[in-house]
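The values are calculated or read from the model by the stated rules, or taken from the named source; none is laboratory data. This is a predicted model, so every value here is computed, not measured. For neighbour counting, all protein chains shown are included, and Cβ atoms are generated from backbone atoms with ideal geometry for every residue, glycine included. Only protein heavy atoms, including side chains, enter the accessible area calculation; ligands, DNA and RNA are left aside. Shrake-Rupley method; radii C 1.70, N 1.55, O 1.52, S 1.80 Å.
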Amino acid sequence: MAERSTISSQRRKALFVLLTPITLLLGAFFLIPLGIMVVYSFLEPGLYGGVVWSFYPYNYGRIFGWPLGGGEEFEPLYIQIILNSLYYAALTVIVTLVVCYPVAFWVSRMGPLAKNIVLFAITLPFFANLLVRIYAWLLLLRPTGAVNTALLSLGIIDQPLNMIFTEFAVIVGLVYVLTPFMFLPIYASVERLDWSLVQASQDLGATPFQTFRRVILPLTAPGIAGGCVIVFIPALGNFIVPSFLGGSKVQMTGNVIERQFLQARNWPFGSTLAMIVMASVLLLVLAYTLWMRRAANNERLAGAGHV
Amino acid sequence: MRQVSEQEVLRVDGARKSFRTPESGVVTPLDGITLSIRNNEFLTLLGPSGCGKTTLLKTIAGFEELDEGEIFLEGRAMSAVPAHRRPFNTVFQNYALFPHMTVAGNVGYGLQVAGVKRAEETARVTDVLRLVGLSGLERRKPAQLSGGQQQRVALARALINRPRVLLLDESLSALDRKLRQSMQIELKNLQNTVGITFIFVTHDQEEALTMSDRIAVMDKGRILQLGTPAEIYDTPKNRFVAGFIGTSNIFSGTLAKDGGTSRVDIEGGPAIAVTADGFASGDKVDVMLRPEHFALASGRTGAGGSLDAVIENIVFVGTDLHLHGRLANGLPVVALERHARGAGALSLAPGQTVTLHYQATAPHLMKSQAA
Ligand SMILES: Nc1ncnc2c1ncn2[C@@H]1O[C@H](COP(=O)(O)OP(=O)(O)OP(=O)(O)O)[C@@H](O)[C@H]1O
Ligand SMILES: [Mg+2]
């Protein structure tokens with residue numbers, strides 16, 4: 001058969017040329033460090049930082065209890081911390097979701113000016129440094145902080161509430177930092193929702209609740225899923241919020257990893273912990289991608305809709 | 001045989017609705033509409049684009065609130081009844097099919113939310129899909145259908161609930177002629193058998209004339225005339241209605257009554273003999289003559305008249321010839337002749353002068369709108 005330059009083969013060539021730089025960039029800045037981490041997690045920690053180049057699976061043993069050797073002991077604390085982190089991240093996802101979903105509908109119904117103001121306000125925190133913003137919460141939540149002072153002077157409480165350096169403070173901080181990440185994808189999907197479908201549902205006799213469950217929720221689900229994933233991932237790995245607002249009481253994997261790298265100078269063990277966090281994130285993203293493929297199918301069909 | 005009873009099922013009373021537009025203007029798509037719809041009737045709304053037809057359907061369905069006025073279903077005010085409790089179903093102008101559901105899911109939706117049993121739902125979905133000619137497409141998603149198929153899904157989805165009143169917004173517009181005719185017949189059958197009342201919006205005059213029990217001609221948020229297709233066609237109230245339905249020759253002039261005979265003197269042109277009950281001499285009037293009221297042969301029996309015209313164009317449309325010509329004063333005129341073959345064939349050519357005869361009863365007088 002004769003070689004033919006079809007449109008699709010041309011398109012593939014163009015795509016290849018266009019994608020090469022970004023692929024190389026990602027390769028250099030993402031895959032190589034990742035590779036280093038994978039390798040390091042199987043190496044022996046050196047006595048004064050650094051690594052010894054010998055196969056050493058016992059970093060994993062220290063966390064999971066197997067395989068053990070080389071003087072490493074099983075420390076169930078780490079599994080506890082990982083589970084805790086998963087719990088905090090999940091709680092953050094739930095709180096931000098519950099806050100953002102109704103607000104997204106409210107904002108999408110606003111006039112154009114009000115809408116722009118709100119959207120600007122939501123992105124505003126990105127302009128200020130994260131540390132500064134977290135520090136502000138420290139001032140708000142500490143026993144002599146603004147919240148306690150206000151409640152005391154109103155007579156609602158007569159003892160300062162113990163908020164700072166608690167689980168509560170960490171959740172507040174995480175929710176505060178990550179709310180925009182939940183809001184924006186949800187808002188995008190709500191904004192795209194075709195209200196004539198809601199009318200069609202009512203027209204066919206569906207109660208408001210039925211309309212919500214059968215039309216609104218499925219059509220905004222991609223936004224919800226997207227928001228959940230991009231809130232869960234940074235929540236799980238976050239170490240700034242727990243170290244500022246959680247004190248020594250609240251440990252998340254992010255803190256532990258940070259400490260392994262910067263204080264204990266045990267790079268292999270830090271890498272191992274990071275690998276475990278990453279594996280759980282990867283599983284989540286995989287589930288999300290599979291699910292999105294199905295949703296995208298529907299979406300593509302919807303896009304070709306009306307004539 | 002079906003009888004459209006005189007009993008009123010739906011009543012729109014003094015409906016008024018305005019929108020603020022982004023151009024900081026105000027449009028009033030409903031400007032005091034009063035309309036009584038009889039049980040089991042097929043009522044068509046006809047009017048130019050943007051005159052408020054869709055808005056009227058939306059207020060009836062409950063998606064828009066009226067600024068003023070009220071809608072009654074069998075005497076019961078509807079303003080406090082939310083859309084999902086109104087026994088009306090709508091076929092939306094843009095179909096509004098649920099993209100995440102299959103054809104069967106879309107069509108069965110109304111039954112599912114009403115809690116109808118699965119088996120019955122399946123049976124009824126199958127039935128109604130057969131009715132609209134979509135059997136076998138149950139598992140497709142809306143985007144995998146052609147425009148006409150989507151429109152029929154929308155129709156099936158509304159029909160399956162057997163509503164008291166079915167609101168159809170240009171719901172046959174995307175279908176080819178043959179399919180459209182078969183859907184028209186199905187709708188008429190449904191009207192006869194199930195007893196649904198139809199409010200139908202269309203831009204297709206022929207469809208309006210053949211399907212409707214009554215037609216409401218709308219313009220700028222008002223109903224200009226409400227009547228049977230024959231009334232609208234034969235005795236339009238004004239120039240707008242006359243021009244909107246069918247082809248017409250409309251001449252403006254002044255009525256002159258002279259003993260037993262009346263005529264309309266057209267400005268700068270001939271006079272047209274008319275019968276003028278209910279008008280006084282000197283009234284400014286519009287006279288309408290339909291193309292089929294003209295005959296080339298003066299085989300008239302009673303009183304009448306004629307106009308001389310120069311033929312400019314002859315259009316052959318199968319059964320008929322449309323003669324486009326001009327009167328001596330330059331006004332355009334259209335006449336219609338039956339097409340005949342062989343010996344009876346007309347030997348007409350552009351440039352030829354012909355005499356167009358009409359009967360005295362043919363011209364229809366309307367109050368001039370300018371006056
Ligand atoms: N939500 C709205 N906001 C502002 N203006 C509106 C709104 N809905 C309709 N209009 C205006 O009201 C007028 C009537 O609209 P409507 O949709 O009822 O027209 P229609 O008779 O159905 O026209 P068509 O035959 O083109 O479908 C139009 O001028 C339209 O621009
Ligand atoms: Mg419309």
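Details
- Of the residues making up the stretch B:327-363, those that are more than 29 Å from the chain's Cα centre (by Cα) and surrounded by 11 or more Cβ atoms within 10 Å (Cβ to Cβ) are B:Leu327, B:Ala328, B:Asn329, B:Leu346, B:Leu348, B:Pro350, B:Gln352, B:Val354, B:Thr355, B:Leu356, B:His357.
Condition check ((1) within 14 Å of chain A (Cβ to nearest Cβ); (2) within 16 Å of ligand 1 (Cβ to nearest atom); (3) of a type in the set (Asp, Glu); (4) touching a Leu at 6+ places or on another chain (Cβ under 7 Å)) across all residues:
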| site | (1), (2), (3), (4) |
| --- | --- |
| B:Met183 | no, no, no, yes |
| B:Asn189 | no, no, no, no |
| B:Val201 | no, yes, no, yes |
| B:Ala208 | no, yes, no, yes |
| B:Ser212 | no, no, no, yes |
| B:Asp219 | no, yes, yes, no |
| B:Arg239 | no, no, no, no |
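- Residue check for A:Arg142: free of Cβ contacts under 8 Å to residues at least 40 places away in the same chain, open to solvent by 10 Å² or more (accessible area, probe 1.4 Å) and within 14 Å of chain B (Cβ to nearest Cβ): no
- Some residue of the stretch B:118-131 being within 12 Å of chain A (Cβ to nearest Cβ) and open to solvent by 30 Å² or more (accessible area, probe 1.4 Å): no
- Looking only at the stretch B:24-41, and only at residues there that are more than 10 Å from ligand 1 (Cβ to nearest atom), assigned to a loop (DSSP other than H, G, I, E, B) and away from every other protein chain (no Cβ under 14 Å), the one that is most open to solvent (accessible area, probe 1.4 Å): B:Asn39
Conditions tested, residue by residue: (1) at pLDDT 90 or above; (2) away from ligand 2 (no atom under 16 Å from the Cβ); (3) of a type in the set (Phe, Trp, Tyr).
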position	(1), (2), (3)
B:Glu23	no, yes, no
B:Val27	yes, no, no
B:Gly32	yes, yes, no
B:Arg38	yes, yes, no
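- When restricted to residues that are open to solvent by 20 Å² or more (accessible area, probe 1.4 Å), at the interface with chain A (Cβ under 10 Å from one of its Cβ atoms) and not small (Gly, Ala, Ser), the stretch B:135-154 contains 3.
- Scanning the stretch A:47-59 for any residue that is touching a Ser or Thr at 6+ places or on another chain (Cβ under 8 Å) and either open to solvent by 40 Å² or more (accessible area, probe 1.4 Å) or of a type in the set (Val, Ile, Thr) (or both) turns up nothing.
- Going through (1) modelled with pLDDT of 90 or more; (2) not in a helix (DSSP H, G or I) one by one, A:Ala2 falls short only on (1).
- Condition broken by B:Gly69, with the remaining ones in (1) assigned to a strand (DSSP E or B); (2) within 12 Å of ligand 1 (Cβ to nearest atom) satisfied: (2)
- Here B:Thr44 qualifies as open to solvent by less than 10 Å² (accessible area, probe 1.4 Å), away from chain A (no Cβ under 13 Å) and either of a type in the set (S, T, N, Q) or assigned to a loop (DSSP other than H, G, I, E, B) (or both).
- Qualifying residue in the stretch B:253-266 (condition: assigned by TED's automatic domain parsing to the domain that holds B:Gly351 and part of a loop (DSSP other than H, G, I, E, B)): yes
- Scope the stretch B:50-99; condition open to solvent by 40 Å² or more (accessible area, probe 1.4 Å) and either within 11 Å of chain A (Cβ to nearest Cβ) or within 12 Å of ligand 2 (Cβ to nearest atom) (or both); matching residues: B:Gly50, B:Thr54, B:Lys58, B:Glu64, B:Pro82, B:Arg85, B:Pro87, B:Gln93, B:Asn94
- Breaking point among (1) open to solvent by less than 50 Å² (accessible area, probe 1.4 Å); (2) touching a helix residue (DSSP H, G or I) at 6+ places or on another chain (Cβ under 9 Å), for A:Gly70: (1)
- Of the residues making up the stretch A:166-214, those that are under 22 Å from the mean Cα position of the chain (by Cα) and either within 13 Å of another protein chain (Cβ to nearest Cβ) or over 23 Å from A:Ala225 (Cβ atoms) (or both) are A:Thr166, A:Glu167, A:Phe168, A:Ala169, A:Val170, A:Val172, A:Gly173, A:Ser189.
- Qualifying positions in the stretch B:193-229 - part of a loop (DSSP other than H, G, I, E, B) and either farther than 16 Å from B:Thr54 by Cα or away from ligand 2 (no atom under 16 Å from the Cβ) (or both): B:Val194, B:Gly195, B:Ile196, B:Ser212, B:Asp213, B:Thr228
- Considering only residues in the stretch B:167-179 that are away from chain A (no Cβ under 11 Å) and crowded, with 24+ Cβ neighbours inside 10 Å, the one that is nearest to A:Asp203 (Cα to Cα) turns out to be B:Leu168.
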